[in-house]
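The values are calculated or read from the model by the stated rules, or taken from the named source; none is laboratory data. Everything numeric in this text was worked out from a predicted model, so none of it was measured. All Cβ positions, glycine included, derive from the backbone under ideal geometry; neighbour counts span all protein chains shown. Calculation scope for accessible area: heavy atoms of the full protein, side chains included, ligands and nucleic acids excluded. Shrake-Rupley method; radii C 1.70, N 1.55, O 1.52, S 1.80 Å.
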Amino acid sequence: QVQLMESGGGLVQPGGSLRLSCAASGRIFSIDTMGWYRQAPGKQRDLVATMTRAGTTNYADGMKERFTISRDNAKNTVYLQMNNLKPEDTAVYYCIAPIIGRNYWGRGTLVTVSS
């Protein structure tokens, strides 16, 4: 089993920044890719970005301009730096660790961008 715990969400004004963290525990030796999805109210859950243990990144279209994914393998933690946040970035952000045959998800952290 793998457990994922997100943190760092909150309320931020438009133009502000937040950094999300996701710490993995459990069978961490089985984790290669970690990443982030988000789900806005009333919408489906969409990819934000992923990163392999070796450092290969994959961003959804339009995400790379303001969002940066990074990872500390020693801490089994993946981060999402979000800059110049916009109201449309409001969503629950979920951490994911896909392992052969199964996707492990965190419980999510809410990001609200509002003045």
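Taking R0 as 41 Å, what's the FRET efficiency between ASN73 and ASP46 from their Cβ-Cβ distance, rounded to 0.05?
0.95
List every residue whose amide H lies under 5 Å from the amide H of GLY16, counting only residues 5 or more places away in sequence or on a different chain, with H placed 1.01 Å from N in the peptide plane.
LEU85
Express in Å², to the nearest 10, the accessible area of LYS64 obtained by rolling a 1.4 Å probe over the protein heavy atoms while all chains stay in place.
LYS64 exposes around 140 Å² with every protein chain in place.
Percentage of Cα-Cα pair distances in the range 1-40 greater than 16 Å, rounded to whole percent?
49 percent
Can you list the residues of the range 79-111 with backbone N under 17 Å from a point 7 Å past the Cα of SER17, pointing along Cα to Cβ?
Only 79-86 pass the distance filter.
Check the straight Cα-Cα distances from LYS43 and name the lysines below 24 Å, setting aside those fewer than 8 residues away within the same chain.
Result set, ordered by chain and number: LYS64, LYS86.
Need one number: nm distance between label points at TRP105 and ASN58, each 7 Å from Cα along Cα→Cβ, rounded to one decimal.
Result for the modelled spin labels: 1.8 nm.
Compute the accessible area per residue over the chain, keeping the other protein chains in place, probe 1.4 Å, unit Å².
The answer is 55 Å² per residue.
Select from MET51, MET82, MET63 the residue whose mean-square fluctuation is largest in a Gaussian network model of the chain (Cα-Cα springs shorter than 10 Å).
Largest GNM mean-square fluctuation: MET63.
Can you tell which of PRO87, ASN76, LEU110 lies farthest toward the positive end of the dipole of the chain, using +1 and -1 charges on the Cβ of basic and acidic side chains (Lys, Arg; Asp, Glu)?
ASN76
When the Kirkwood hydrodynamic radius is evaluated over all pairs of different C-alpha atoms of the chain, what value in angstrom, to one decimal, is obtained? List each step's numbers first, then the result.
Details: mean 1/r = 0.0713 Å⁻¹.
One over the average 1/r among Cα pairs gives 14.0 Å for the chain.
Label ARG27 and GLN81 with points 7 Å out from Cα along Cα→Cβ: what is the distance between them in nm?
Simple spin-label model gives 3.4 nm for this pair.
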